[in-house]
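In what follows, a structure is listed as structure tokens, so that the remarks can point back to it.
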Amino acid sequence: MTMKNIKRDRLSLRFSSKPLGLTLAACIGLTACGGSGDEVVTPKPDEKVYPAYTDIKASGGETTTFDASESGHGFSTPAPNLSTADLAHHLEGDLGFETAFTTAPNVEHPDLDGLGPVFNNADCNSCHQRDGRNSTPIVPADKERIKLGSEAGLFLRISKAAAQACTSGNAANDYCAPPAVPNFGGQLFHRGVLKARPDWEDNLFGGQADVYLSYETKQVTYSDGNVVTLKKPLFAVENPYDAPGETLNSANLTSDLLQDDVLMGWRNGMPVFGLGLLEAIPEKDILALVDASDSNGDGISGKANFVFDAVKAQAGDNDPVSLGRFGWKANTPSVRVQSLGALRGDIGITNPLFPDESITGTALHDSYLTRTGFTDTGEDENGAPEASAEFSDSVVFYAETLAVPARRNVDSPDVREGARLFEQVNCTGCHKASFVTKSSGEIGGVAMSDALKGQTIYPFTDMLLHDMGEGLADGRPDFLADGNEWRTRPLWGIGLTQTVNPQAGFLHDGRAATVEEAILWHGGEATTSRDGFMALSIDERKQVIAFLMSL
């Protein structure tokens, strides 16, 4: 029996189960069963009102798993309502998700070759450890900074500053896509295969440039005197391949990467469970939450990002633009585009949706092919992309059909009070509790699994962009998102984040070591809610955290 079959059998025995129905705790007296979580109720005098989602356990509807709530693999369970055929497809994708690729050519295992020539990691799992967040790098106390290598799940988006803000995408303006950096592209790859760089003797496995990480700290003091120390990552990019040894402090900067108009935005690997459900939310339900002019005066506007859709473009659509749903700035429209874009981008594995290497046409790639004589042009021995359609489809389906973990401790008085206070300080102004997924149709250009249809889900996100203030800003626009705007992160599963990976951090660059730190970094449209949280007593703040940790 092959290792592949052994793993499939093991996973089948571990995860196979009959479909679970949507199990709800007894409804509280003030709300109706089966509600969306957003009902308005009229309280009696001096009576506390608890939100309708207070007692909800099945965050993912029938895709919820109740079997891994305190496990290090709490994000890695297949949706329990998958059909037998869909479960087999999911397990194939699981194998692909964990595949570590090698440098081309790999004569003995040609199905594994194609890594790079420059890349950020060699497999999907390294950036999404156990299907959750990556580990936040630690800078030892005796060092000022560290150089990022194979241990980092962080990567850097790069682009040139546009002459003016783009407000409506079309073919003439490249659909408002961030302008690529000449000879580098739209993402910085800090690792490389052997001889990737022209100066490979001194940079044996070097990528496009070296990346260094350090931290600066600041303190936030509550009115009760409690102090929280916040850390912010600082990154330095040095030694680019087109000007070895140069840094921003060099007298005459010649590298395309180190010019003043190059924008850089740091990104952290996200959890990958529940993604198919988020894509199955009807577009009209998301757009109904847009409030660009803040008509209700709550200080929260909410904006949709509309982005280039590679699936539509490949199908010949004359207007290949879709609602952005994924990525820290909602810059990708579907799990398919997100997953296969990362396969090509982060790892360097071309596929049917993205058949060209990320660095095709750059001086680095041209030099690599000329110097080495390798055939790493992004094609396999048959002239097809490095990843087959079958491999690509299974990895996408895997990311679409991972189960959502059930909530925990919902009967705890502190958790219940935390839910009430979460609502009281209007965290739900952005973190909308619930949606119902569509009952038919496609996601990513392919018919959606029956397991995702018609599910009442509780992701706690409005899927929209919000200005989060200067403290979190990266200053880099991405399609219609500006440098201060970020998509509202879903909160489901957040309480298991550090159970799955104890070294995981929060926010787009992993700066927050705790959920409390993440709250304190909120600004911009979230300022009123952050200040409301800070105004609570220490016991009430702990109750809000207890609620979040129950999700």
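Rule-based calculations on the coordinates, nothing more; no lab input. For clarity, every value in this text was computed on a predicted model and none was experimentally measured. Please note: Cβ atoms are built from the backbone with ideal geometry, for glycine as well, and neighbour counts cover all protein chains shown.
Values as computed for the structure displayed
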quantity	calculated
Set 218/542; 143/231; 143/232; 160/303 screened for pairs whose C-alpha atoms are more than 20 Å apart	218/542; 160/303
Inter-part distance where the range 473-509 and the range 257-286 are each reduced to a Cα centre, Å	9 Å
Two-site label geometry, residue 360 and residue 85: point separation in nm, points 7 Å out along Cα→Cβ	3.3 nm
FRET efficiency for residue 142 and residue 165, using Cβ-Cβ distance with R0 set to 60 Å, rounded to 0.05	0.85
Amide H within-cut-off set for residue 187, under 5 Å, with H built and near neighbours excluded	158
Cα-based reach from residue 147 at 13 Å (exclusive), listing aspartates and glutamates while leaving out same-chain residues under 8 positions away	210, 238
MRE, 222 nm, helices only [DSSP H, n ≥ 4, -39500 (n - 2.57), over the chain, to nearest 500]	-6000 deg cm²/dmol
Computed label-point distance, nm, for sites residue 371 and residue 194 using a 7 Å Cα→Cβ extension	1.4 nm
Spin-label model distance (nm) - residue 219 vs residue 232, 7 Å beyond Cα toward Cβ	1.8 nm
Cβ charges +1 (Lys, Arg) and -1 (Asp, Glu), total dipole of the range 458-515, debye	300 debye
Sites residue 453 and residue 528 - FRET efficiency at Förster radius 41 Å, r taken between beta-carbons, to 0.05	0.65
The range 112-134-the range 330-380 distance, computed between alpha-carbon centres (Å)	14 Å
The chain - charge dipole about Cα centre, Lys and Arg +1 at Cβ, Asp and Glu -1, debye rounded to 20	1180 debye
Anisotropy class of the range 111-155 from Cα gyration tensor, a/c 1.5 cut	oblate
DSSP-loop GluC sites (Glu not before Pro) across the range 419-497, with at most 11 other Cβ within 10 angstrom	470
The range 213-308, dipole about Cα centre (Lys/Arg Cβ +1, Asp/Glu Cβ -1), debye to the nearest 20	320 debye
Rounded to whole Hz, the Karplus (6.51, -1.76, 1.60) HN-Hα couplings of the range 539-551, x for glycine and proline	5, 5, 4, 5, 5, 4, 5, 4, 5, 4, 6, 7, 6
Selection from 259, 289, 214, by position along the positive dipole direction of the range 201-292 (Cβ)	289
Given charges at Cβ of Lys, Arg, Asp, Glu: the chain dipole, positive-most of 304, 79, 421	421
Rounded, prolate or oblate (a/c below 1.5 giving rounded, otherwise prolate when a/b exceeds b/c) for the range 142-221 by Cα gyration tensor	oblate
Sequence-separation-based contact order of the range 63-185, relative, with Cα cut under 8 Å and 6+ spacing, percent	15 percent
Gyration tensor over alpha-carbon atoms, the chain, equivalent ellipsoid semi-axes in Å	38, 28, 22
Rounded if a/c under 1.5, otherwise prolate or oblate - the range 52-119, Cα gyration tensor axes	prolate
Mean Cα-pair separation over length for the chain, i.e. relative contact order, pairs under 8 Å, 6 or more apart, %	21 percent
Loop-located GluC sites (Glu not before Pro) in the range 187-258, at most 14 other Cβ atoms within 10 Å (DSSP)	201
Label zone at residue 298 (point 7 Å along Cα-to-Cβ), backbone N below 17 Å, the range 507-551	523-533
Trypsin sites (Lys or Arg not before Pro) within the range 100-144, DSSP loop, no more than 13 other Cβ atoms inside 10 Å	143
DSSP-defined antiparallel bridges as percent of all bridges, the chain, nearest 5	95 percent
Ratio Rg/Rh [Cα only; Rh per Kirkwood] for the range 114-258	1.04
